[in-house]
1. Give GLY35, GLY3, GLY67 a once-over and let me know the one that is small (Gly, Ala, Ser) and touching a His at 6+ places or on another chain (Cβ under 9 Å).
2. Restricting to the range 10-61, name every residue that is out of contact with any Pro (no Cβ under 8 Å at 6 or more places or on another chain), surrounded by 13 or more Cβ atoms within 10 Å (Cβ to Cβ) and among the basic types (Lys, Arg).
3. Within the range 51-85, how many residues turn out to be assigned to a strand (DSSP E or B) and closer than 25 Å to MET1 by Cβ?
4. Right, GLU88: loosely packed, with under 13 Cβ neighbours inside 10 Å and at pLDDT 95 or above or not?
5. Just one of the numbered conditions (1) more than 12 Å from the chain's Cα centre (by Cα); (2) in a helix (DSSP H, G or I) is not true of VAL95; which one?
6. Mind counting the residues in the range 25-50 that are more than 11 Å from the chain's Cα centre (by Cα) and either at positive phi or assigned to a helix (DSSP H, G or I) (or both)?
Amino acid sequence: MIGVVATLKIAEGKEAEFETVAKDLMAKVKANEPGTLTYQLYKSKKDANTYIFMEQYATQADLDAHGKTEYFTAAGPKLGPCLAGVPEIQVFDIVE
């Protein structure tokens, strides 16, 4: 399994817009990607403008496929204006 943590800093006043787009993306991922085992958005309790997506994929192929979906690529231009910087993406291998 592969874990991904995507940390996103959101521009002041863009939180609601970001959450709307992100929730739509989450719903589409959960409905259409059986190899995506977890895809959940979290908001920091310390910094209201920091969010993370916690993601878990069964295989590298599932992660690769996720990034190529129509709804993922379409979300980028909608999420971009909400960001206050470049997302930090960390990819992890499971330890068993």
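1. Being small (Gly, Ala, Ser) and touching a His at 6+ places or on another chain (Cβ under 9 Å) holds for just one of GLY35, GLY3, GLY67, which is GLY35.
2. LYS28, LYS30, LYS43
3. Within the range 51-85, residues that are assigned to a strand (DSSP E or B) and closer than 25 Å to MET1 by Cβ number 7.
4. Taking the combined requirement at face value, the residue satisfies it.
5. Among (1) more than 12 Å from the chain's Cα centre (by Cα); (2) in a helix (DSSP H, G or I), the lone unmet condition for VAL95 is (2).
6. So the answer is 5.
The values are calculated or read from the model by the stated rules, or taken from the named source; none is laboratory data. Since the structure is predicted, the reported quantities are computational estimates derived from the model, not experimental observations. Note: ideal-geometry Cβ built from the backbone for every residue, glycine included; neighbour counts use all protein chains shown.
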